[in-house]
Amino acid sequence: MRKHEYLLMQDISKSYDGTQALRGVTFSADLGEVHAIVGENGAGKSTLIKILSGAVRYDAGQILIDGKPVSLDSPLHAHQAGIRAVYQEFSLIPHLTVTENILLGRMPHGKLRGWVDWTAAHRRAQDILDGLGFTGIDVRTPVSQLSVSHQQMVEIAKAVAERPRILILDEPSAVLSQEELKRLFALVQQLKSASTLILYISHRLNEVFEIADRITVLKDGEIVGTVRPQDTDEGRLIKMMVGRTLGEFYPKREAKVGGEVLAVQGLSREGAFADVSFSLARGEILGMFGLVGSGRTQVARSIYGAEPPDAGEIRLEGKTIKIRSPRDALQLGIALLTEDRKRDGLVLSCSIRDNISLATLPEVTRWGFLNMHQVDARVQRQVQELTIRPPQIQRLVRQLSGGNQQKVVLAKWLLTHAKVLILDEPTRGVDIATKVDIYHIMSDLADQGVGILLISSELPEILGMSDRVLVMREGRLVGEFTRAQASEEKLLACAAGLLQ
Amino acid sequence: MNASLSVQIRQRLFTRLRRRWADYGFIVAFVILILIAASFSDVFFTQRNISNLFRQIVTNGLISLGMLTVILTGGIDLSVGSIVALSAILVSGLQQQVPVPLAILAAVAAGGLVGIINGVLVAHFKLAPFIVTLATMGAVRGVVYVYSETPQTPSDPTFRTLLGGFVGPVPVAAVIMLICFPLVWSFLNRMAAGRAIVAIGGNQEAVRLAGINVNQHIILAYVISGLFSAIAGVLLAARLGIAQPSVGSGYELDAIAACVIGGAVLGGGGGGAIGTFGGVFTLGLIDNLLNMFNVQTYYQQILKGLIILFAVLARRKE
């Protein structure tokens with residue numbers, strides 16, 4: 001038996017622009033282990049794995065692999081040391097095929113050097129995917145035409161194909177459906193028994209408990225501790241991450257549901273969803289659950305006018321309305337928080353002020369000129385109420401943590417004083433404290449009479465917050481449950497088509 | 001404990017300095033240039049040379065303001081040089097038939113029209129700005145030659161004395177340009193349309209979903225660029241007293257260079273009027289100094305290229 005563990009990161013420190021991201025972290029893990037790393041946003045998880053994968057250089061400390069010091073100055077060095085990472089942000093090349101992405105840099109050539117043997121290449125890529133149990137992906141399609149969850153699988157396949165000794169998975173489950181997640185877990189078990197070290201980073205603690213052999217908790221750039229899942233529970237783990245016990249996770253709320261505010265009748269959009277009908281009342285939180293690709297997001301975008309529907313009727317407070325653009329929707333009092341804040345929620349190169357005021361510029365404009373006092377006062381109030389950190393409104397949004405970025409997007413829509421607020425995955429990729437903040441804001445809004453449509457793939461969130469739950473599957477509305485009727489099992493079964 | 005604190009403070013100071021340096025590196029470069037000029041030349045600080053310098057940067061200054069607006073939306077406008085020629089030759093030719101104010105109006109309107117064409121093609125037809133403005137750059141140049149193959153001279157003497165003249169030691173054209181910079185600054189920082197334009201370059205889809213008419217604002221940016229280029233053309237005709245159909249070729253590169261030196265990011269997401277002014281000034285100063293020392297134009301081009309690279313390198317993020 002070896003005395004040392006396979007991977008040892010010793011006294012690692014790193015600072016960016018004067019902020020200390022890691023302070024003397026010592027971390028070790030061994031082959032044949034699934035080691036989860038958890039912590040709030042900004043705790044230093046990303047920095048730690050970026051250092052290990054050679055993407056970022058560390059200021060001090062040393063890294064030993066199998067007892068020997070190594071220098072991981074670049075991703076290439078990390079590859080040579082047998083380390084592969086699958087990041088949240090994909091590193092795929094969109095217009096190249098699945099085959100080319102998986103075999104990038106090692107495409108098989110035919111008799112002539114420099115000429116690709118395409119038949120062999122496709123076969124090899126297909127073999128890799130099949131071997132991992134990832135079915136249903138055509139290796140000849142450009143990656144850009146794949147769904148996000150399939151892209152994630154290609155990304156994982158690309159990393160695993162290299163047979164790494166250390167595999168880093170950074171939030172791999174964020175875009176996967178339940179079914180796909182099972183396959184991923186099976187793969188992780190398979191790699192583990194083939195004596196690979198898997199570092200698993202996730203916000204979802206239930207996953208971590210299911211799969212990890214050990215859990216290391218990071219907070220403010222330091223390691224709080226390493227525990228075994230059987231020796232702890234979610235509550236204690238959260239306490240380690242946050243440094244305090246959180247209050248009520250889902251605020252208790254006496255639903256004071258009023259009259260109908262939004263009604264959708266027979267809404268359809270070619271290739272996305274068909275014949276969707278539901279109604280939403282004042283002060284109601286209506287959950288909408290479905291697997292990735294079930295059409296939830298498209299329904300939301302259609303109601304908001306981002307992708308107008310082909311057929312169907314939308315009524316707002318009893319009046320039939322026509323929405324051709326997001327502008328129409330906003331003017332009528334409908335707002336949409338989109339699922340991916342970086343893609344279409346934020347202007348990262350602009351300030352907190354610019355982002356929060358963006359959707360309500362006409363309200364503070366006279367003769368084309370902005371009333372800067374008014375702008376600042378309105379933005380400042382939102383920053384205080386939502387406790388956005390740092391509170392300097394001229395800071396660029398790019399510099400904020402994920403949780404604070406999400407609060408900025410939310411603040412933008414709160415300023416519109418919408419009657420109907422559609423929230424598409426409002427807590428994706430945010431830390432637990434921010435999550436609780438967002439739940440409380442939602443609850444307050446509902447109390448004020450706003451109708452909220454909550455789209456989420458996190459079942460506890462749907463069950464904890466909704467007064468009623470709709471379930472979508474393959475572009476159709478397939479179920480409706482009251483709060484009392486709904487349970488994780490029922491919703492999942494319904495979303496997977498096992499329950500009518 | 002204390003030591004680590006002081007290290008932290010030093011680090012923070014260092015990064016702040018570096019960020020400042022990145023933002024205003026051109027100012028430092030600019031001061032160094034002045035010092036060199038002052039120590040080697042006794043002509044530089046003469047009133048005549050300074051006012052000359054200002055006259056020389058008017059054209060690039062105005063074009064750069066339009067270019068900046070377009071770059072902020074994430075686009076680029078290669079047609080500016082051709083628009084300069086179009087408006088210069090129109091204002092000179094038309095004043096033989098119509099009163100000068102009308103000729104100026106027509107010339108500036110022509111620039112705005114090209115801007116509308118550029119903007120509509122980019123915004124509504126979703127064509128790449130580089131391609132669209134490359135096409136109009138060629139087409140507009142053709143229109144200029146169709147209008148007149150030979151140089152046109154402004155016939156009205158007041159046109160030259162008024163727009164090509166001086167208030168005291170300051171050239172009229174320079175005054176116009178110096179007024180335009182704060183105007184554009186206010187537009188970009190204090191008006192709703194300006195903020196929208198800046199945001200579009202950062203994330204077009206987020207702006208659309210915020211209920212803002214993205215296409216309208218993109219068109220507006222190209223119109224602003226067309227108008228500023230046309231104004232530059234009118235002032236150039238007044239200063240030179242002649243409008244060649246070939247005038248203005250290559251001007252787009254100087255304008256792009258000025259914006260980039262001033263901190264603009266091609267593809268959108270950075271840049272402003274103050275920085276652009278610094279960029280225009282730096283480029284003008286280099287030309288002025290090297291002319292004074294009788295350095296060949298070829299070397300001027302090499303040096304300009306180096307300065308652009310230097311400016312971009314200094315601002316490079318890790």
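The values are calculated or read from the model by the stated rules, or taken from the named source; none is laboratory data. Just so you know, these numbers come straight off a predicted model, no measurement behind them. Cβ atoms come from the backbone with ideal geometry, glycine included; neighbour counts cover every protein chain shown.
Which of the residues spanning segment A:447-491 are more than 19 Å from A:Pro426 (Cβ to Cβ) and in a helix (DSSP H, G or I)?
A:Glu488, A:Glu489, A:Lys490
Could you tell me how many of the residues in segment A:335-357 are more than 10 Å from chain B (Cβ to nearest Cβ), at pLDDT 95 or above and closer than 30 Å to A:Leu291 by Cβ?
0
For segment A:358-374, which positions are surrounded by 17 or more Cβ atoms within 10 Å (Cβ to Cβ) and either under 12 Å from A:Gln394 (Cβ atoms) or within 7 Å of chain B (Cβ to nearest Cβ) (or both)?
Of the residues in segment A:358-374, the ones surrounded by 17 or more Cβ atoms within 10 Å (Cβ to Cβ) are A:358-361, A:364-365, A:370.
Answer for segment A:358-374, where residues must be surrounded by 17 or more Cβ atoms within 10 Å (Cβ to Cβ) and either under 12 Å from A:Gln394 (Cβ atoms) or within 7 Å of chain B (Cβ to nearest Cβ) (or both): A:Leu358, A:Ala359, A:Leu361, A:Thr365, A:Leu370.
Just give me the residues in segment A:291-333 being within 10 Å of another protein chain (Cβ to nearest Cβ), in contact with a Leu (Cβ under 7 Å, 6 or more places away or on another chain) and touching a residue at least 60 places away in the same chain (Cβ under 8 Å), in sequence order.
A:Tyr304 - this is the single residue of segment A:291-333 that is within 10 Å of another protein chain (Cβ to nearest Cβ), in contact with a Leu (Cβ under 7 Å, 6 or more places away or on another chain) and touching a residue at least 60 places away in the same chain (Cβ under 8 Å).
Say whether the condition of being in contact with a helix residue (DSSP H, G or I) (Cβ under 7 Å, 6 or more places away or on another chain), part of a helix (DSSP H, G or I), farther than 17 Å from B:Ile176 by Cα and modelled with pLDDT of 95 or more is met by at least one residue in segment B:50-67.
Our first condition is that a residue be in contact with a helix residue (DSSP H, G or I) (Cβ under 7 Å, 6 or more places away or on another chain); within segment B:50-67, this holds for B:53-67.
The next check asks that each one be part of a helix (DSSP H, G or I); those that pass are B:53-67.
Applying the additional criterion that residues be farther than 17 Å from B:Ile176 by Cα yields B:67.
Filter once more, so that each one left must be modelled with pLDDT of 95 or more: B:67.
Yes, that holds for at least one residue.
With respect to A:Ala411, determine if the residue is more than 30 Å from A:Phe278 (Cβ to Cβ), aliphatic (A, V, I, L, M) and modelled with pLDDT of 95 or more.
Values: more than 30 Å from A:Phe278 (Cβ to Cβ): no; aliphatic (A, V, I, L, M): yes; modelled with pLDDT of 95 or more: yes.
So A:Ala411 fails the test.
Please pick out the residue among A:Leu52, A:Leu64, A:Leu72, A:Leu31 that is buried (at least 21 other Cβ atoms within 10 Å of the Cβ), under 24 Å from A:Gly225 (Cβ atoms) and outside the structural domain of A:Ile432 (by TED's automatic domain parsing). Please lay out each step first, then the result.
Working: A:Leu64 fails: buried (at least 21 other Cβ atoms within 10 Å of the Cβ); A:Leu72 fails: under 24 Å from A:Gly225 (Cβ atoms); A:Leu31 fails: buried (at least 21 other Cβ atoms within 10 Å of the Cβ).
On inspection, the qualifying residue turns out to be A:Leu52.
Just the residues that are surrounded by 17 or more Cβ atoms within 10 Å (Cβ to Cβ), among the acidic types (Asp, Glu) and under 16 Å from A:Val227 (Cα atoms), please, taken from segment A:174-212.
Across segment A:174-212, the qualifying residue is only A:Glu207.
Quick check: anything in segment A:399-418 more than 27 Å from A:Gly451 (Cβ to Cβ), out of contact with any Gly (no Cβ under 6 Å at 6 or more places or on another chain) and among the β-branched types (Val, Ile, Thr)?
no
Suppose we filter B:Gly271, B:Gly267, B:Gly305 for residues that are surrounded by fewer than 16 Cβ atoms within 10 Å (Cβ to Cβ) and either under 22 Å from B:Thr59 (Cα atoms) or touching a Leu at 6+ places or on another chain (Cβ under 6 Å) (or both); which single one remains? Quick ask: steps written out before the conclusion?
Values: B:Gly271 fails: surrounded by fewer than 16 Cβ atoms within 10 Å (Cβ to Cβ); B:Gly267 fails: either under 22 Å from B:Thr59 (Cα atoms) or touching a Leu at 6+ places or on another chain (Cβ under 6 Å) (or both).
Being surrounded by fewer than 16 Cβ atoms within 10 Å (Cβ to Cβ) and either under 22 Å from B:Thr59 (Cα atoms) or touching a Leu at 6+ places or on another chain (Cβ under 6 Å) (or both) holds for just one of B:Gly271, B:Gly267, B:Gly305, which is B:Gly305.
Does segment A:185-236 hold any residues that are touching a Leu at 6+ places or on another chain (Cβ under 7 Å) and not aliphatic (A, V, I, L, M), and which are they?
Hits for segment A:185-236 are A:Ser195, A:Thr196, A:Tyr200, A:Gly221, A:Glu234.
Looking at segment A:149-177 only, could you name the residues that are closer than 24 Å to A:Leu205 by Cα and part of a loop (DSSP other than H, G, I, E, B)?
Within segment A:149-177, A:Glu171, A:Pro172, A:Ser173, A:Ala174, A:Val175, A:Leu176, A:Ser177 meet the criteria.
Restricting attention to segment B:168-181, does a residue exist that is touching a residue at least 60 places away in the same chain (Cβ under 8 Å), closer than 17 Å to B:Val70 by Cα, within 11 Å of chain A (Cβ to nearest Cβ) and not small (Gly, Ala, Ser)?
No, there is no match, as no residue in segment B:168-181 is touching a residue at least 60 places away in the same chain (Cβ under 8 Å), closer than 17 Å to B:Val70 by Cα, within 11 Å of chain A (Cβ to nearest Cβ) and not small (Gly, Ala, Ser).
Is it the case, given these coordinates, that B:Ser155 is surrounded by fewer than 19 Cβ atoms within 10 Å (Cβ to Cβ), of a type in the set (Gly, Ala, Ser) and under 20 Å from B:Ile104 (Cα atoms)?
Working: surrounded by fewer than 19 Cβ atoms within 10 Å (Cβ to Cβ): yes; of a type in the set (Gly, Ala, Ser): yes; under 20 Å from B:Ile104 (Cα atoms): yes.
The answer is yes for B:Ser155.
Looking at (1) facing chain A (nearest Cβ under 7 Å); (2) β-branched (Val, Ile, Thr); (3) more than 21 Å from A:Glu363 (Cβ to Cβ), can you tell me which one B:Val198 breaks?
(3)
If you go through segment A:34-45 one residue at a time, do you hit one that is outside any strand (DSSP E or B), on the phi < 0 side of the Ramachandran plot, out of contact with any helix residue (DSSP H, G or I) (no Cβ under 7 Å at 6 or more places or on another chain) and modelled with pLDDT of 90 or more?
There is no residue in segment A:34-45 that is outside any strand (DSSP E or B), on the phi < 0 side of the Ramachandran plot, out of contact with any helix residue (DSSP H, G or I) (no Cβ under 7 Å at 6 or more places or on another chain) and modelled with pLDDT of 90 or more.
When you scan segment A:51-148 for strands (runs of 3 or more DSSP E) that lie fully inside it, which ones turn up with 1 or more residues that are under 19 Å from A:Glu180 (Cβ atoms)?
On the way: elements: A:60-65, A:68-70, A:83-86.
Here the list reads A:83-86.
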